[in-house]
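The values are calculated or read from the model by the stated rules, or taken from the named source; none is laboratory data. Please read all numbers here as calculations on a predicted model, not as lab measurements. Please note: Cβ atoms are built from the backbone with ideal geometry, for glycine as well, and neighbour counts cover all protein chains shown. Ligands, DNA and RNA are stripped out before the accessible areas are found, and what is left, the full protein with its side chains, is counted by its heavy atoms. Shrake-Rupley method; radii C 1.70, N 1.55, O 1.52, S 1.80 Å.
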Amino acid sequence: MTNNTAILVVSFGTGFNESRRLTIGAIEDAIARAFPNYDVRRALAGQEVINRIKERDGLAIDNIKEALERAANDGITRVVVLPTYLVDGYEYGNLEDTLKLYGNYYQQIALGKPLLSDDTDFDAVIKAMTGKTASFDDGKTAICFVGHGTRTKSNRVYAKMQMKLKHQGFNNYYIGTIKAEPSLSDVVALLEEKGCYHKVVLAPLMVSAGGHACYDMAGNKQESWKIALERKGYEVTCILEGLGQNAAIQEIYVEHTRRALRCIS
């Protein structure tokens, strides 16, 4: 181990234990395999998630400040922080602000980029997404990836993803968000305009398949994407697999870690 350097993988987190293992855990494992000489650590940004896991399971997970303080107390002098966030939104900005508070704790701190940061990332994510769902692309099925969405300017990444999918010939793929735009109604309008679909596949454009994927996308409540689309007459299939389960997505995070490590090497 390079004992004075750590890689801190920061995720928002999910209370869905199996999804957390299969997604966040898999990303962390991929990073650990790629960089065996570094200490790979976990932090979660969602304090409510941390509290829920602690109360329900008795499992203590550090938040970002706790993880940074623990690493410093353990003698770590250089740290690479790799967020598993999709976009440069609120959470990424909060992470940047937090790291500024800990500048005096370390000789060097390097912050990695979120998943969708440049055109190379977009192309790699599209390849991973479409490769995973290619068997559904029969011309009569719409494949919809559903993200969280953000009220920051970073929400434009979803429109950019849609544009790139179209330009690359993936005409049966659609991007939507739960909290912003494109909304469910926006996506429904596109499906109806196309007029050729009998089936819809829903998959999360999120690292983990947590509450938003299981309830807002695939749940049985009236306002969920699944139920709303079924009311429109579509046969709906839900894929409850977060992006973090995809080995190709994991490799993008590994590459982002590699770039950040160059900043402190």
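Structural remarks
- Nearest-ten-degree value, helix 184-194 long axis tilted from longest Cα axis of the chain: 40 degrees
- Percent RCO, i.e. relative contact order, over the chain, from Cα pairs under 8 Å lying at least 6 residues apart: 22 percent
- Considering helices alone, the calculated mean residue ellipticity of the chain at 222 nm is -12500 deg cm²/dmol, with DSSP H runs of length four and up weighted by -39500 (n - 2.57) and normalised per residue.
- For the chain, the longest principal axis of the Cα atoms and the long axis of helix 247-262 meet at an angle of about 40 degrees.
- Computed about the Cα centre, the dipole magnitude for the chain is approximately 140 debye when only Lys and Arg (+1) and Asp and Glu (-1) carry charge, each at its Cβ.
- In order along the range 216-222, phi translates into HN-Hα couplings of 6, 8, 10, x, 9, 6, 4 Hz, rounded to whole numbers, per the Karplus curve 6.51 cos²θ - 1.76 cosθ + 1.60 with θ = phi - 60° and x for Gly and Pro.
- The accessible area of PHE12, taken with all protein chains in place and a 1.4 Å probe, comes to roughly 90 Å².
- Cα gyration tensor shape of the range 1-130, rounded if a/c is under 1.5, else prolate or oblate by comparing a/b with b/c: rounded
- Averaged per residue, the chain has 47 square angstrom of accessible surface, using a 1.4 angstrom probe with ligands and nucleic acids left out.
- GLY242 long-range amide H proximity, modeled H, under 5 Å: ALA209
- Shape category assigned to the range 223-265 from the gyration tensor of Cα positions, a/c cut at 1.5: prolate
- At the residue level, VAL40 shows approximately 40 square angstrom of accessible surface with a 1.4 angstrom probe and all protein chains present.
- Accessible surface of the chain, 1.4 Å probe: 48 percent of it comes from carbon and sulfur atoms.
- Take every pair of alpha-carbon atoms less than 8 Å apart whose residues are at least six positions apart; their mean separation over the length of the range 63-130 yields a relative contact order of 39 percent.
- What the phi angles of the range 100-111 give under the Karplus curve with 6.51, -1.76 and 1.60, with θ = phi - 60°, is a coupling list of 5, 6, 10, x, 7, 7, 10, 5, 8, 10, 10, 10 Hz, glycine and proline written as x.
- For TYR174, the residues 5 or more places off, or on other chains, whose built amide H falls under 5 Å of its own are ILE143, CYS144, PHE145.
- Å³ per residue enclosed by the Cα convex hull of the range 57-119: 98 Å³
- Derived scalar couplings ³J(HN,Hα) [the range 52-67; Karplus, 6.51 cos²θ - 1.76 cosθ + 1.60; whole Hz; x for Gly, Pro]: 5, 5, 5, 5, 7, 10, x, 9, 8, 10, 5, 7, 5, 5, 4, 5
- Highest-MSF residue in the chain out of ALA43, ALA180, ALA203 [GNM, Cα springs under 10 Å]: ALA180
- Nonlocal amide H pairs with ASP39, under 5 Å, H built at 1.01 Å: THR2, THR5, ILE7
- Pairs of Cα atoms nearer than 8 Å and 6+ residues apart set the relative contact order; for the range 1-94 it is 42 percent.
- Cα pair distances exceeding 19 angstrom across the range 117-228, given as percent: 42 percent
- Cα-derived Rg to Rh of the chain, Kirkwood definition: 1.00
- Flagged links, alpha-carbon separation over 29 Å, of LYS179/LYS199; LYS153/LYS232; LYS54/LYS127; LYS65/LYS113; LYS132/LYS199; LYS54/LYS232: LYS153/LYS232; LYS54/LYS127; LYS54/LYS232
- Two numbers describe the Cα atoms of the range 95-182: Rg and Dmax, which are 16.9, 57 Å.
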